[in-house]
Every structure is written in structure tokens, then in C-alpha cells.
Amino acid sequence: HGALAGALGAATMTVLHMAAHRAGWLEAMVPQAVEVWAKDKSPLPWPRRAESHHVADQLLHLGYGAAAGTSYALTRAVGARAKPSLALGLGTALWVFGSFVLFPALKIARPAWRAAPREEAVNLAAHLLYGGVTVYLLDELERQKHTEPLAHWRMRHARVG
């Protein structure tokens, strides 16, 4: 459940990043910077077509989103329910780690202290969104863990949306 919640959380970040890109606030999104960094470090050939790059960078993003969601699921307190404080904590911790530790150490992109305020505001907002979606979805998936699919006749009369 943590991997699924984390991957979906990463997908919601993409929507925010793409809106910021369209508005001209960003020139590239984090998964694109990670893809370029990985391509430079890898001896393997990378795709040349633009469509392939979108697939590659989003697969990377969903992958590390799933990994972070799994880590959160494994380390949260047993029986912990979704709370804004957990969502804010997860999102903030990932933003601090990425922007202040990982990016500078691996030279993936400019560190937070050299980024434009609008750039880091988008990055922080995206990570807070990730935290909220991941914490909420993990909680909801765990609550529905014993939910069985309804029989066909019951599904036709169920509230479905």
C-alpha cells in the first residue's frame, strides 16, 4: 500500500510541476533533472525521442515516489491515522532531504539556497502535496484492505463514482 500511495503522490506532484512549467516558473521538473543526471552517469544508451524522455523521467519519478511511500509505510507508527501533521512532516522531510542534501551531493540540480524563491516554493508545495496524498491514500488503502469486490448484482445498485 505504501508503494501505491507513494507512486500516486508522485503523480500528483507532476501535475503541479507541469502547471508551474507552463506558467514559466520552472524550466525543468525534478524527474527531468534526475533523468539527465542518470543518463550522464550511465554507460547504457538512453532514448532520443522526446516521448521516450517523458516516459523515462516519469517512471523514475513514480519509482522513487513508490520507494518513499514504502519507507513511510514501514516506519510510521502502527495504527497511525492520516493527520495533517504527518502529511506536512513527510513532505517537508523529503523536500529538505532532496533540496538540501541529495541534489547538492549528487550535483543533480542547483541546491535550494541557490534556487529562485518561486522555484523552491513550487518544489516545497509539490512535496507537501506528495505528503498529503501519500499519507491520506495509505490510510484509506489500509482501511479498505478487507473490502471485497461486490457481487455484480450489488455493484449495479452501489454508489459508484
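The values are calculated or read from the model by the stated rules, or taken from the named source; none is laboratory data. Quantities reported herein were computed from a predicted structural model and do not represent experimental measurements. No Cβ is skipped: glycine too gets one built from the backbone with ideal geometry, and neighbour counts run over all protein chains shown. Ligands, DNA and RNA are stripped out before the accessible areas are found, and what is left, the full protein with its side chains, is counted by its heavy atoms. Shrake-Rupley method; radii C 1.70, N 1.55, O 1.52, S 1.80 Å.
Can you name the residue in segment 102-128 that is more than 30 Å from D139 (Cβ to Cβ) and touching a helix residue (DSSP H, G or I) at 6+ places or on another chain (Cβ under 6 Å) and is also surrounded by the most Cβ atoms within 10 Å (Cβ to Cβ) among such residues? It would help to see each step written out before you state the result.
To start, the set of residues in segment 102-128 that are more than 30 Å from D139 (Cβ to Cβ) comprises 104-111, 113-119.
Now narrow it down to the ones that are touching a helix residue (DSSP H, G or I) at 6+ places or on another chain (Cβ under 6 Å): 108-109, 111.
Numbers: I108: 17, A109: 22, P111: 17.
Looking at residues that are more than 30 Å from D139 (Cβ to Cβ) and touching a helix residue (DSSP H, G or I) at 6+ places or on another chain (Cβ under 6 Å), I get A109.
Could you grab me the full set of residues in segment 57-70 that are farther than 20 Å from T92 by Cα and either over 15 Å from the mean Cα position of the chain (by Cα) or not aliphatic (A, V, I, L, M) (or both)? Show your work before the answer.
The initial filter retains those residues of segment 57-70 that are farther than 20 Å from T92 by Cα, namely 57-60.
Hits for segment 57-70 are D57, Q58.
Which one is surrounded by the most Cβ atoms within 10 Å (Cβ to Cβ) among residues in segment 8-17 that are among the aliphatic types (A, V, I, L, M) and over 13 Å from Y136 (Cα atoms)? Give the steps one after another, and end with the answer.
The initial filter retains those residues of segment 8-17 that are among the aliphatic types (A, V, I, L, M), namely 8, 10-11, 13, 15-16.
Among the residues that remain, those that are also over 13 Å from Y136 (Cα atoms) are: 10-11, 13, 15-16.
Values: A10: 27, A11: 15, M13: 24, V15: 11, L16: 18.
Checking each candidate, the answer is A10.
Quick grid of which residues meet (1) modelled with pLDDT under 90; (2) of a type in the set (A, V, I, L, M):
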| residue | (1), (2) |
| --- | --- |
| R114 | no, no |
| E120 | no, no |
| L128 | no, yes |
| T134 | no, no |
| L138 | no, yes |
| L150 | yes, yes |
| W153 | yes, no |
| G161 | yes, no |
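Scan segment 70-101 residue by residue and report those that are within 28 Å of R118 (Cβ to Cβ), among the aliphatic types (A, V, I, L, M) and either surrounded by fewer than 16 Cβ atoms within 10 Å (Cβ to Cβ) or in contact with a Cys (Cβ under 6 Å, 6 or more places away or on another chain) (or both).
Answer for segment 70-101, where residues must be within 28 Å of R118 (Cβ to Cβ), among the aliphatic types (A, V, I, L, M) and either surrounded by fewer than 16 Cβ atoms within 10 Å (Cβ to Cβ) or in contact with a Cys (Cβ under 6 Å, 6 or more places away or on another chain) (or both): L88, A93, V96, V101.
How many residues are under 22 Å from A11 (Cβ atoms) and at pLDDT 90 or above when one looks only at segment 97-112? Lay out the reasoning, then the answer.
Here is the first cut: in segment 97-112, the ones under 22 Å from A11 (Cβ atoms) are 97-99, 102-103, 108-109.
Filter once more, so that each one left must be at pLDDT 90 or above: 97-99, 102.
Result for segment 97-112: 4.
Look through segment 24-42, keep the residues that are outside any helix (DSSP H, G or I) and closer than 21 Å to F103 by Cα, and return whichever of them is modelled with the lowest pLDDT. So that I can check it myself, show each step before the final result.
Taking segment 24-42 as the starting set, the residues that turn out to be outside any helix (DSSP H, G or I) are 24-29, 42.
Going one step further and asking which of them are closer than 21 Å to F103 by Cα, we end up with 25-29, 42.
Numbers: W25: 93, L26: 90, E27: 88, A28: 86, M29: 84, S42: 81.
Out of the qualifying residues, it is S42.
For W46, which of the numbered conditions (1) open to solvent by 40 Å² or more (accessible area, probe 1.4 Å); (2) in a helix (DSSP H, G or I) fails to hold?
So W46 meets the others, but not (2).
Looking at W95, W153, W113, which one is more than 23 Å from V36 (Cα to Cα) and aromatic (F, W, Y)? Walk me through how you get there before you give the answer.
Numbers: W95 fails: more than 23 Å from V36 (Cα to Cα); W113 fails: more than 23 Å from V36 (Cα to Cα).
Selected residue: W153, the only one of W95, W153, W113 that is more than 23 Å from V36 (Cα to Cα) and aromatic (F, W, Y).
Which is out of contact with any Leu (no Cβ under 8 Å at 6 or more places or on another chain) and either part of a helix (DSSP H, G or I) or exposed (fewer than 12 other Cβ atoms within 10 Å of the Cβ) (or both), of A20, A67?
Numbers: A20 fails: out of contact with any Leu (no Cβ under 8 Å at 6 or more places or on another chain).
Just one listed residue meets the conditions, A67.
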